[in-house]
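Report on one structure; see the data block that follows.
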Amino acid sequence: MRTIELSPFNRLHGIAIDDQDRLYVLSEEKGVLLRIDDAAHASAPSGAVATGAIKAHMVVTNRSGSRAYVTGLLSGTVSAVDPHDASRPPVVAAVGPLPESCALSDDETSLFVGVRGAREIVQLDAATLRQEKRVAVQGDPLRVYVVPGEETLLTTDIENRTVTRYGADLREVQSLQFDAVPAGISFHHSKPIAFVTLLDSNQVAMVDLESFTTVRTISTGPEPDVTALI
């Protein structure tokens, strides 16, 4: 339909949208978070802030868009930034090797990070980035998600080909095995359904979160990674 020009910022990877429909795009190579206030009409970014992350990979914002969290794959860090004020330096916390994904709790007080190189999930205070909890997990926690309306987490484990649910105490509750590699998860807006992309089978699995079973699959193109429900 249209293009928003973001050069010279390259290797665009993480993306987020806040409750004001502002768009945030992360440049992995530059370590910069771009803000686009009117994505429906803009042809260029509205602003940019340094994240303090090296190989900045994933980003999540709070609902108001006043704070964004960025993982740094090579720096082994999580950064908290104000996307609207480049004069405020990022708050940076070391969490361990290869932190890839992060997710905010429903009340936005805790940030959960999947630290792939350490095979751990780390819980941080979202305001200060101080560590609250750290637990070892089975396999490779590629992505971490907070289940909407619950105090539970889901991870996709590309090593064991599972989606695993963890309780508020970060103890494993249950695990669902797949014949393919699970990657990304999105959630239905009003039903207890999770959409799990299966990279090497070119499908999306619909998982009933109450029975924790796959109820159907949807065929896609090659290597489905991320989904969004509109």
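The values are calculated or read from the model by the stated rules, or taken from the named source; none is laboratory data. On a predicted model such as this, the values are computed, not experimentally measured, just so you know. Every residue, glycine among them, receives a Cβ derived from its backbone with ideal geometry; neighbour counts consider all protein chains shown. Quick note on the areas: whole protein, heavy atoms, side chains included, nothing else; ligands and nucleic acids left out. Shrake-Rupley method; radii C 1.70, N 1.55, O 1.52, S 1.80 Å.
Here the stretch 95-125 and the stretch 139-179 have alpha carbon centers that stand 13 Å from each other.
Three principal axis extents describe the C-alpha atoms of the stretch 94-157; from largest down they are 28, 23, 16 Å. Solvent-accessible area assigned to carbon and sulfur over the chain amounts to 50 percent, based on a 1.4 Å probe.
Extension gain for the segment Gln174 to Ser87, taken as residue separation times 0.36 nm less the Cα-Cα distance, is 26.9 nm to one decimal.
Close amide H partners of Ser75, meaning residues 5 or more places away or on another chain with modelled amide H under 5 Å apart, are Ile54. A straight chain from Lys191 to Ala39 at 0.36 nm per residue would run longer than the Cα-Cα distance by 51.9 nm. Averaging 1/r over each pair of different alpha-carbon atoms in the stretch 52-101 and inverting the result gives 10.7 Å, the Kirkwood hydrodynamic radius.
Comparing the stretch 159-230 with the 2.2 N^0.38 Å rule of thumb, its C-alpha radius of gyration ratio is 1.07 (two decimals).
Taking a ≥ b ≥ c as the square roots of the eigenvalues of the alpha carbon gyration tensor, the stretch 101-200 is oblate, as a/c is not under 1.5 and a/b does not beat b/c.
In the chain, Cα pairs under 8 Å separated by at least six residues give a relative contact order of 9 percent. Remark: the stretch 127-230 carries a charge dipole of roughly 220 debye about the Cα centre, counting +1 on each Lys and Arg Cβ and -1 on each Asp and Glu Cβ. In this structure the stretch 54-187 gives 41 Å² per residue of accessible area when probed at 1.4 Å with all protein chains present. Other residues within the sphere of radius under 14 Å centred on the Cβ of Leu23, judged by their own Cβ, net out at -3 (K and R +1, D and E -1).
Its Cα gyration tensor gives the stretch 1-52 an equivalent ellipsoid. The semi-axes, each the square root of 5 times an eigenvalue, are 17, 13, 9 Å from largest down.
Considered as an equivalent ellipsoid built on the Cα gyration tensor, the stretch 84-129 has semi-axes of 20, 14, 8 Å, the largest given first. Across the stretch 1-105, C-alpha contacts under 8 Å between residues 6 or more apart give a mean separation that, scaled by the residue count, equals a relative contact order of 21 percent. Largest mean-square fluctuation among Ala118, Ala39, Ala194, in a Gaussian network model of the chain whose springs join Cα atoms under 10 Å apart, belongs to Ala39.
Across the stretch 158-207, the mean sequence separation of Cα contacts (distance under 8 Å, 6 or more residues apart), normalised by length, yields a relative contact order of 26 percent. Taking only the Cα atoms of the chain, the ratio Rg/Rh comes out at 0.95, with Rh defined as the Kirkwood radius. Peptides 126-132, 2-8 ranked from most to least packed by the mean count of surrounding Cβ atoms within 10 Å: 126-132, 2-8.
The Rg/Rh ratio for the stretch 15-133, using Cα coordinates for both the radius of gyration and the Kirkwood hydrodynamic radius, is 0.96.
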